[in-house]
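**Student:** Below: one structure in structure tokens.
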Amino acid sequence: MGVGFHQRGHCPLCESTSSKVLCEIPYRDKRLATFIEQFYHGKVPPKVLASETYRVVACANCDFIYQDPILNREGMQALYQDWIDHAQSLHKKETAKSKLYRQYAGQVHTLSRLFDKQPGQVRVLDFGMGWGYWSRMAQAHGFDVVGFEMSTERSEYARQMGVSVVDDLAAVEDGFDCVYANQVFEHLPDPIESLRTICQHLNPDGVIYIRVPDGRGVDQSLTRRHWSPELDAIHPLEHINCFTRKTLTSFAASVGLTPFNPPLRLNWGSLWGGIRREIADRWLTTHLFLRR
């Protein structure tokens, strides 16, 4: 079929066909053309975007914000296999500051407090694991981790670094205690179907952790006269789903998942910062712990 675009035609969350246009700009517009040329280092063929439009809408029924049209299957493969600079992405991980790894360790520590068994007895699926750095942190804490990633280059790297990797979720044995999905669902053409799929692999008392870019205020920023694209919750081509706390909760509820608050994670050395983090995590931001 070839690389191209297709219309979604309905809200990816509630399937309503009624929506309000927040932004509609041809990809040939200088703002978009320059952004895409620089961000993807000239790897996106201009003819692919020449007659297409960056269009962002808000569902009239559930308020979910999403891009429509989006790249077709071949386009998505080209985007994540060829257009994205894998070397630059890996370099960012390899040169990340310790703050990132403290965040990973904190997430893993929180998970350990959710289960009344030893870490080695807790099966975790890292869904969309990227280069596998979080998986390695969880392994270092004793968890039994399996990683899944669509990018062949990233999954091979993670495998070489000692992560147990699966290439096909259909072949994965069920019975995970936890599914970890960090910065994944904003990229998926059919997020509901993907969430249903991973729920099938979850134990009845299992938990899912979802973290996505925070879309608060995106609707206002898109309608400003001098809006320009950037790496944010509605990143052109990539972040095709834009979640707020409200729509992320509705998204989870559509497959029978309910948010819950994990145990508090505070220490005297950074008490005020910890309190601010707990307030944001529990009531404001777009990362949720979920269970059936």
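**Student:** May I ask you to list the residues in the stretch 151-164 that are under 26 Å from Arg291 (Cβ atoms) and either surrounded by fewer than 22 Cβ atoms within 10 Å (Cβ to Cβ) or not β-branched (Val, Ile, Thr) (or both)?
**Tutor:** Ser164 - this is the single residue of the stretch 151-164 that is under 26 Å from Arg291 (Cβ atoms) and either surrounded by fewer than 22 Cβ atoms within 10 Å (Cβ to Cβ) or not β-branched (Val, Ile, Thr) (or both).
**Student:** For the stretch 60-111, what are the residues that are part of a helix (DSSP H, G or I), buried (at least 19 other Cβ atoms within 10 Å of the Cβ), over 17 Å from the mean Cα position of the chain (by Cα) and touching a residue at least 40 places away in the same chain (Cβ under 8 Å)?
**Tutor:** Matches in the stretch 60-111: Gly75, Ala78, Trp83, Leu111.
**Student:** Among the residues of the stretch 171-226, write down those that are at positive phi and assigned by TED's automatic domain parsing to the domain that holds Gly128.
**Tutor:** Gly175, Gln183
**Student:** Are any residues in the stretch 122-133 under 21 Å from Thr197 (Cβ atoms), under 17 Å from the mean Cα position of the chain (by Cα) and surrounded by fewer than 24 Cβ atoms within 10 Å (Cβ to Cβ), and if so, which ones?
**Tutor:** Those that are under 21 Å from Thr197 (Cβ atoms), under 17 Å from the mean Cα position of the chain (by Cα) and surrounded by fewer than 24 Cβ atoms within 10 Å (Cβ to Cβ): Gly128, Gly130.
**Student:** Right, something else. Please verify whether the stretch 80-95 includes one or more residues that are farther than 24 Å from Asp219 by Cβ and of a type in the set (Lys, Arg).
**Tutor:** yes
The values are calculated or read from the model by the stated rules, or taken from the named source; none is laboratory data. Values in this document were obtained by computation on a predicted structure and should not be read as measured data. In this analysis, Cβ positions are derived from the backbone assuming ideal geometry, glycine residues included, and neighbour counts consider all displayed protein chains.
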